[in-house]
1. Can you tell me which residue among GLU364, GLU360 is open to solvent by less than 80 Å² (accessible area, probe 1.4 Å), touching a Ser or Thr at 6+ places or on another chain (Cβ under 8 Å) and at pLDDT below 90?
2. Taking SER369 and the conditions (1) assigned to a helix (DSSP H, G or I); (2) at pLDDT 55 or above, which numbered condition does it fall short on, given that it satisfies the others?
3. Given LEU256, LEU273, which one is of a type outside the set (Lys, Arg) and either open to solvent by 70 Å² or more (accessible area, probe 1.4 Å) or within 30 Å of ARG75 (Cα to Cα) (or both)?
4. Can you tell me which residue within the stretch 296-312, out of those that are among the aliphatic types (A, V, I, L, M) and more than 18 Å from LEU250 (Cβ to Cβ), is surrounded by the most Cβ atoms within 10 Å (Cβ to Cβ)?
5. What is the one condition in (1) open to solvent by less than 60 Å² (accessible area, probe 1.4 Å); (2) farther than 28 Å from ASP254 by Cβ that THR156 does not satisfy?
6. Wholly within the stretch 195-312, which helices (runs of 4 or more DSSP H) include no fewer than the required count, namely at least 3 residues that are on the phi < 0 side of the Ramachandran plot and in contact with a Leu (Cβ under 7 Å, 6 or more places away or on another chain)?
7. Could you pull out the residue among VAL33, VAL63, VAL10 that is assigned to a loop (DSSP other than H, G, I, E, B), out of contact with any Asp or Glu (no Cβ under 8 Å at 6 or more places or on another chain) and either of a type in the set (A, V, I, L, M, F, W, C) or open to solvent by less than 60 Å² (accessible area, probe 1.4 Å) (or both)?
8. Against the definition (open to solvent by 100 Å² or more (accessible area, probe 1.4 Å), among the acidic types (Asp, Glu) and within 22 Å of the chain's Cα centre (by Cα)), how does GLU41 come out, yes or no?
Amino acid sequence: MIHSLDKRYVIPSRTYFSQVAIPDLYKKCRAKVETELSKVEYYAVTTDLWSSRTTEPYISLTVHFIDEDFTLKSRCLQTAFFPENHTSENIAAGLREAVAAWGLDETRQVCITTDNAANMVKAASLNEWTRLQCFGHRLHLAVENAVKKDGRINRTAGVCKKLVGHFSHSWKARSALEKAQKELNLPSHSLITECQTRWGSRQMMISRILEQQKALSQVLSVDKKLRHLIPNWQDIDVLESVSKSLGPLLEFTDALSGEDYVSVSYVKPVLHLFNSSMLLMREEDTDLSKKLKKEMRDYLNEKYEDTQKLLDMASCLDPRFKMDFITADSKPQVKARVTSEMMTTIMTCQETAAASCSTEVECEVAGTSQAKKGKRSLGSFFKQSEAAAKADSSQYLKDAVEA
């Protein structure tokens with residue numbers, strides 16, 4: 001086509017793209033990110049170890065920061081091949097090298113978020129970095145921990161997998177299911193396959209089977225060899241109990257895994273919501289539902305017990321929550337810490353402003369000697385009044401901060 005369009009044009013080769021075009025794009029992109037990071041005062045990072053489809057190991061590192069316009073930004077700094085043994089020492093060293101390679105000061109890092117693997121937890125500890133566990137991964141472990149303790153759920157989940165597998169591998173079965181859906185006025189939805197590393201996929205698989213229960217029974221009952229795939233009444237009871245217990249939690253994994261908004265302040269309110277509402281046992285719940293709810297609630301409360309101070313501060317500083325979800329015993333300590341940090345920050349800002357103020361005055365004096373009719377800036381009048389009232393300002397400031 002290009003030859004017909006213009007015979008003079010030579011299409012760039014694969015070598016050009018791999019050795020010239022892509023490296024050039026990388027240099028420009030890296031320079032842009034480095035410019036952004038040079039202005040960052042504080043930052044947080046997230047990291048994860050994962051395997052490609054060809055089972056090659058990689059480690060990724062993403063930095064999160066607020067720019068000068070107070071916009072929250074995330075930049076993936078690296079996705080690096082990581083063939084070394086995944087020991088905590090190797091991971092800790094790899095993360096430090098990655099942070100240093102981008103000129104980031106470790107003392108400016110406020111937090112690192114990881115999954116809950118033992119090697120990741122220890123790596124953060126070896127680097128002496130403040131660590132926050134990933135809520136989505138912790139919720140996944142809470143669900144798996146509750147589910148694996150009940151044999152009925154594992155057996156029923158096995159029935160569901162065989163059922164989904166049959167319709168996934170047979171186009172005739174899928175066609176018959178679509179026909180049955182139309183006859184029964186059911187939504188034309190396909191069955192969902194479970195992913196072992198995503199608890200939500202099991203919940204979606206169960207919900208879809210319950211939704212299509214009548215259509216599935218109608219299709220499978222025609223063939224004697226397939227009738228054993230039809231869930232019996234006991235299976236349905238288990239599926240309904242699981243769906244009722246886990247269904248309301250499904251949206252929280254995505255909601256608390258956002259990059260475009262701060263999510264750490266949600267953790268404390270969400271845990272409170274779980275304890276007071278969603279995982280609260282009710283009279284109409286089956287024994288299985290009550291058991292699942294209790295297991296998950298106890299697990300989450302135990303695992304987040306060590307990070308209560310961090311979560312309290314995050315919720316307190318969120319204007320939507322403030323002190324609403326902080327226990328009465330913890331409120332005085334949280335208030336004292338917030339007051340202390342605000343006072344320190346304000347005093348630092350005042351010292352910086354005073355330094356720049358003296359520089360401006362020197363510049364004005366120098367300018368006056370050169371130009372007799374130089375104008376005073378409006379700000380200079382207030383700078384003098386601030387200096388005069390400095391003696392009374394500290395007590396007023398303290399009262400204002402506490403208010």
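1. On the way: GLU360 fails: open to solvent by less than 80 Å² (accessible area, probe 1.4 Å).
Going through GLU364, GLU360 in turn, the sole match is GLU364.
2. All conditions pass for SER369, except number (2).
3. Values: LEU273 fails: either open to solvent by 70 Å² or more (accessible area, probe 1.4 Å) or within 30 Å of ARG75 (Cα to Cα) (or both).
The conditions single out LEU256.
4. Going through the stretch 296-312, the residues among the aliphatic types (A, V, I, L, M) turn out to be 296, 300, 310-311.
Cutting the leftovers down to more than 18 Å from LEU250 (Cβ to Cβ) gives us 310-311.
Numbers: LEU310: 18, LEU311: 20.
Top of the filtered list is LEU311.
5. (2)
6. On the way: elements: 199-211, 213-220, 233-246, 250-255, 264-273, 287-303.
So the answer is 199-211, 213-220, 233-246, 264-273, 287-303.
7. Details: VAL33 fails: assigned to a loop (DSSP other than H, G, I, E, B); VAL63 fails: assigned to a loop (DSSP other than H, G, I, E, B).
None of the other options fit; the residue is VAL10.
8. On the way: open to solvent by 100 Å² or more (accessible area, probe 1.4 Å): yes; among the acidic types (Asp, Glu): yes; within 22 Å of the chain's Cα centre (by Cα): yes.
Yes, satisfied.
The values are calculated or read from the model by the stated rules, or taken from the named source; none is laboratory data. Everything numeric here is computed off the predicted structure, so don't read it as measured data. Using ideal geometry, Cβ is built from the backbone for each residue, glycine included, and neighbour counts are taken over all protein chains shown. Note: accessible area is taken over every heavy atom of the protein model, side chains too, but ligands, DNA and RNA are not part of it. Shrake-Rupley method; radii C 1.70, N 1.55, O 1.52, S 1.80 Å.
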